[in-house]
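The structure appears below as structure tokens.
The values are calculated or read from the model by the stated rules, or taken from the named source; none is laboratory data. No experiment lies behind these values; they were computed from the predicted model shown. Don't worry about glycine lacking a Cβ; one is built from the backbone with ideal geometry, like all the others, and counts go over all protein chains shown. Ligands, DNA and RNA are stripped out before the accessible areas are found, and what is left, the full protein with its side chains, is counted by its heavy atoms. Shrake-Rupley method; radii C 1.70, N 1.55, O 1.52, S 1.80 Å.
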Amino acid sequence: MDMFKENYYDRLQVLERPGQFFTPEDRLKAAEKPLMAWYKENARELPWRKKPEAYRVWISEIMLQQTRVEAVKPYFERFISELPTVKALAQVEADRLMKLWEGLGYYSRARNLKKAAIEIDGLYDGQLPPSLEKLKKLPGIGSYTAGAVASIAYGIPAPAVDGNVLRVVSRVTASYEDITKQSAKNKMEALIGKVIPKTDPGSYNQALIEIGALVCVPNGSPHCNICPLASLCLARIKGLTGELPVKSGKKERKIVQLTVCIIETNQGILIRKREDQGLLAGLYELPNAEGDLQEKDLGEAFGLENYEVLERLPAAKHIFTHVEWHMNGFRLKAFGKLQESYIPVKEKQLEGEYPLPNAFKAYRKLIQWK
Ligand code: ADE
């Protein structure tokens, strides 16, 4: 049977009759059957879905915040095989943890994982507590993650409202609430809290997420022709999928100009540890300084007494949530005594020991290892 055939799910839907209007709650209740049937047939096979234990669900949900499913898969497998338990995570060394997270971004997520693991180890004997309220008290676990762990791992009927769910439900109910506002998220949680099924709430939450990722997509037109909720969806019926959900209040990002250097020495390429506070705190970096620096500025900016400029490197850009780095670069050769903050590394050391965030990826690729 072709599950994507148009309106295959129509017969599972309870539809409004003339003169009888659904409340948002009625509409979501009417969506449950076709949604669950669709999910059963169309759920992607993902590593964390195979064995939905609380620890695995937690790690996957934290990785999936701000990062695409395809990118998360290899990180998840590596993380779980190296740190298979809460205890192992609680005891991992900070640099090793950052190395396992290198490239995923939002590194405070990883630091909070370890903090929470220490608490779970101390308070709950290494098991994530099967309680929404206790989960929410752990570092880095907000309402969404707590709901996901509680429902997927423990079958607790708690909502897990992420960006996908906000989009899908805003469209199905034709809501004009601004989904960038916390108040809209709170209302959505309250609404889903009323309709979430008591049997298999984890699949219900994941079905809403999955439909948001595969059908009711964020960029470009949603695929209403294959949507199991099409006949119920008020945004589709009224032709509003282009304007819903409403998202205002996105702040513009600050642009920071940086000059990044690949500095070659006889001992290796120079890297530095970043400050313990702020963006990419505690990670390593290629030497960089603010401004669009020119050759003549490099000695002073990078504290080099004796050096030679080998070449100018291409410009690159990296986008964070609130900041954009616009970078230019140079390849240098430095001689003699160096400032203490510099660490000369060989290829294997950079690969295995020092977490270097993706923001430096464009220049990391240009390193010429000797
Ligand atoms: N995005 C966030 N949580 C997810 C999950 N459990 N499965 C797939 N995509 C997700």
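Can you give me the distance in nm between label points at Lys254 and Val69, each placed 7 Å from the Cα along the Cα-to-Cβ direction? In this crude label model, Lys254 to Val69 measures out at 3.6 nm.
On average, how much accessible surface per residue is there in region 9-237, in Å², for a 1.4 Å probe, leaving out ligands, DNA and RNA? Mind dumping the intermediate values first?
On the way: 10380 Å² over 229 residues.
Using a 1.4 Å probe on heavy atoms only, each residue of region 9-237 averages 45 Å².
Summing charges over neighbours of Leu89, with a neighbour being any other residue whose Cβ is under 9 Å away from its Cβ, gives +1 when K and R count +1 and D and E count -1. Computed from backbone phi with θ = phi - 60° and the Karplus coefficients 6.51, -1.76 and 1.60, the 3J(HN,Hα) list for region 197-205 is x, 6, 8, 6, x, x, 5, 4, 4 Hz; x is used for glycine and proline.
Taken about its Cα centre, region 107-222 carries a charge dipole of roughly 260 debye when the Cβ of each Lys and Arg holds +1 and the Cβ of each Asp and Glu holds -1. Within a straight-line Cα-Cα reach of under 26 Å, Lys187 can be paired with the following lysines, leaving aside sequence neighbours fewer than 8 residues apart in one chain: Lys29, Lys33, Lys134, Lys136, Lys137, Lys198, Lys238, Lys247, Lys250, Lys251. Among the lysines of region 254-364, pairs that are 8 or more positions apart or on different chains and have alpha carbons within less than 29 Å of each other number 28.
Using only side-chain charges placed at the Cβ, +1 for Lys and Arg and -1 for Asp and Glu, the dipole size of the chain relative to its Cα centre rounds to 680 debye. Across all Cα atoms of region 279-325, the radius of gyration (one decimal) and Dmax (whole number) stand at 13.0, 38 Å.
So for the chain, taking the charge dipole from beta-carbon charges (+1 Lys/Arg, -1 Asp/Glu), which of Pro129, Ser231, Asn112 sits furthest toward the positive end? After comparing all options, I get Ser231.
Of the trypsin sites (Lys or Arg not before Pro) found in region 166-206, the ones in coil according to DSSP and having at most 12 other Cβ atoms within 10 Å of their Cβ are Lys198. Just so you know, the Cα atoms of region 110-172 work out to an Rg and Dmax of 13.0, 43 Å.
No solvent, one uniform scatterer per C-alpha: report log10 I(q)/I(0) for region 254-364 via the Debye equation at q = 0.15 1/Å, two decimals. Ignoring solvent entirely, the Cα scatterers give -0.62. As a fraction of the 1.4 Å probe accessible area of region 9-237, surface on carbon and sulfur atoms comes out at 53 percent.
With contacts defined as alpha carbon pairs under 8 Å and 6 or more residues apart, what's the relative contact order of the chain in percent? Relative contact order comes out at 17 percent.
Using R₀ = 56 Å, calculate the FRET efficiency as 1/(1 + (r/R₀)^6) where r is the Cβ-Cβ separation of Val14 and Glu82; round to 0.05. Provide the component values of the computation, followed by the final result.
Values: r = 48 Å, r/R0 = 0.86.
Efficiency, from the Cβ-Cβ distance: 0.70.
List the pair-distance distribution P(r) of region 193-235, using every Cα-Cα distance, as the percent of pairs falling in each 10 Å bin from 0 up to the bin containing the longest distance, rounded to whole percents. Result returned by the calculation: 25, 49, 25, 1.
Against the chain, whose longest principal axis comes from its Cα atoms, helix 24-42 is set at around 70 degrees.
Per DSSP H run of at least 4 residues, take -39500 (n - 2.57); add these up for the chain, divide by its residues and hand me the 222 nm value, nearest 500 deg cm²/dmol.
Numbers: 16 runs with 153 residues, N = 370.
Theoretical 222 nm ellipticity from helices: -12000 deg cm²/dmol.
Of the GluC sites (Glu not before Pro) in region 157-264, which ones lie in a loop per DSSP and count no more than 12 other C-beta atoms within 10 Å?
On the way: sites: Glu177, Glu189, Glu210, Glu243, Glu252, Glu264; in loops: Glu177, Glu243, Glu252.
Counting only loop positions with at most 12 other Cβ atoms within 10 Å, the GluC sites (Glu not before Pro) in region 157-264 are Glu243, Glu252.
Summing charges over all other residues whose Cβ lies under 13 Å from the Cβ of Lys194, with Lys and Arg as +1 and Asp and Glu as -1, gives 0. Of the trypsin sites (Lys or Arg not before Pro) found in region 214-271, those in coil by DSSP whose Cβ has at most 13 other Cβ atoms within 10 Å are Lys238, Lys250, Lys251, Arg253. Working note: Cα gyration tensor of the chain, eigenvalues times five, square-rooted, sorted largest first, giving semi-axes of 47, 24, 17 Å.
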